[in-house]
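Read through the structure below, which is laid out as structure tokens, and then see the notes.
Bear in mind that the values in this text are calculations on the coordinates, not laboratory data. Since the structure is predicted, the reported quantities are computational estimates derived from the model, not experimental observations. So basically every Cβ, Gly included, is an ideal-geometry build from the backbone, and we count neighbours across all protein chains shown.
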Amino acid sequence: METATPKRRIAPIQTLTRNRRIAEFWRIFQDPVLFTGLVLVVLFVAIAIIDPIYAMVKESLTEKGQELFRHYLSSPVYQRIIRNTLEMGLLVAAVGTFVGFVMAYVQVKVAVPFKRLIHILALVPIISPPFAVATAALLLFGRNGIISYGILGERYDIYGLDGLTLVLTLSYFPVAYLNLRGMMQALDPALDEAATNLGASRWRIFRTVTVPMLIPGIAGSFLLLFVEAIADLGNPLVLGGNYEVLATRIYVSIVGLYDTTAAAVLSVILLVPSLLVFVVQRYWISRTSVVSITGKPSGTPQMIRHPLVVWPLFAAVMTVLLLIVLVYGVIFAGAFTKILNVNNTLTLDHFDFVINGYGSEAMKDTTQLSAIATPIAGVLGMLIAFLVARKKFTGRHALDFATMLGIAVPGTILGIGYLLVFNGPHEITLPIVGTFTLIPKLTGGRAVFGGAIAIVLVYIVRSVPAALRAGVAALSQIDPAIEEASISLGADNFGTFRRITLPLIRPAFFSGLIYAFARSMTTISAIIFLTTPGTKIMTHQILNEVENGRYGNAFAYCVILIAIVLVAIGILAVAVGTSTGAEKTTIEGAA
């Protein structure tokens, strides 16, 4: 009888929890606006995220796909490609997380000069196409590089793993930097003070207090950089050489062989480690809680000022920043010279090609499609955040997980899925609307319209997760009692959200907008298979110029793209500052 008592107590609790969730869903159903929003969100996730992944997996499980699975997994060539992919991902994740940690630690904990400049330069790679770094690194450190051959006299072969590690680390370490910087700023200085009062040295405090508190952020950054690295397409195309990875093999399968089944099979192989690290990351975050006793920093931050610590760390940070300055200096110099390092005569011909020639259409199309996708991604992100953080209905965790797949699944895989869905009749079954057929959009006379829709959807899918996380973080800092009081006074959910919740989370909303626009303008992997003769994208055009050796035109594209993104960020940042009184809102709020 004694052993059965706990079970009797647990059963009513489980029943009560289930009844509450059912009642919450019924309240949503009774609110027409909220229920419509929930239906739209579910339709978006099902059609724009789940269905392309399903189409890709379904294509890989055909008879031909199963044969290719057996061939790829048993072939020494493809086994080497898989090993290369994992090796590159692990190395970039380790080095990028380490660089991001050092940058964040110096920014928050060490007394060094030029902190504002360090922060700004560390964010530069976020607002430019990743493979622009690869192209500049090739001119700096290649066989005839400005530094490797021109200064050091060495014909260094930058192609392969070492070159990829360099450019991917420079491209993606800001993600780890922003993540860890935010966590370090949130640590309570009182913990360090208590350890110091107990006689602990600086090194012991770092080893036993600071690092353990940052373990979730370090692990999360490592896993995120791993996914970004193995999914990257532009840099391996430029610097891969004979070092093949799965992303480039998928690209060749589509562009060179026109074999969507082979691309789908390789995408599934790439999907396995990506989803595995995503699930591990979510499990880690859900199981790990790092909190301070007071709930917010209460002590006085103690900056490290010992010269033997300050100056070596400062030198390491400045070395990374010098590489960033060199890379982007090459990009800007190459845009204004005939042929950089061959004929350094100043010219505006490259900008004339981009602005007045073939590139003007790409500029217009990319900016317009990004501008369309940005507000939709921001609104969807805030709506899903509200449903996930404020409503306790059954299935909200599944909705959150499915939405986050937009960033967890490599862009190349999403591109293959959209190619399969939009290139022919494709049936999808939803519990709400039943089974219907998606009409082919990338063929025939509807290429422009369909291609634009597919690209906008990809932009939205890749941007919504950041807006969702920013929204959830903002809502977690707002007492739900404020909204409950509004509803108890007779306001409906929509009125409460519009008049009370949205103004309070407006900084997070605009952060999501900034991130969405910047990511849409600079993405390549997810949309490279969806561009059509009638829909031109700047990143695709940059890649074409690089592959044809026209680096000046590529750099001019990059300069204009960076300028467009900076102008958009400035406009949104000013809007946030004037409308909310916030001190600052930048892309780091979403990252």
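Miscellaneous remarks
- Dipole check for segment 75-335: with +1 at the C-beta of Lys and Arg, -1 at the C-beta of Asp and Glu, and the Cα centre as origin, the magnitude is about 620 Debye.
- Förster radius 30 Å - calculated FRET efficiency between His306 and Tyr283 (Cβ-Cβ, nearest 0.05): 0.20
- Paramagnetic reach from Arg143 (point 7 Å along Cα→Cβ, amide N under 14 Å) across segment 242-259: 242
- Estimated from the Cβ-Cβ distance and a Förster radius of 30 angstrom, the FRET efficiency linking Arg498 and Val567 is about 0.55.
- Over segment 75-335, Cα pairs under 8 Å with separation of 6+ residues give a relative contact order of 32 percent.
- Val379-Ile355 pseudo-label distance in nm [points 7 Å out on the Cα-to-Cβ vector]: 3.4 nm
- Inter-centroid distance (Cα atoms) of segment 376-425 relative to segment 198-276, Å: 20 Å
- Counted residue by residue at 0.36 nm each, then reduced by the alpha carbon distance between them, the extension gain from Asp162 to Asp479 reaches 109.2 nm.
- Gyration tensor verdict on segment 75-335 (Cα atoms; rounded if a/c is under 1.5, prolate if a/b is larger than b/c, oblate otherwise): oblate
- Separation in nanometres of the label points that stand 7 Å from Cα toward Cβ, at Ser75 and Leu123: 4.5 nm
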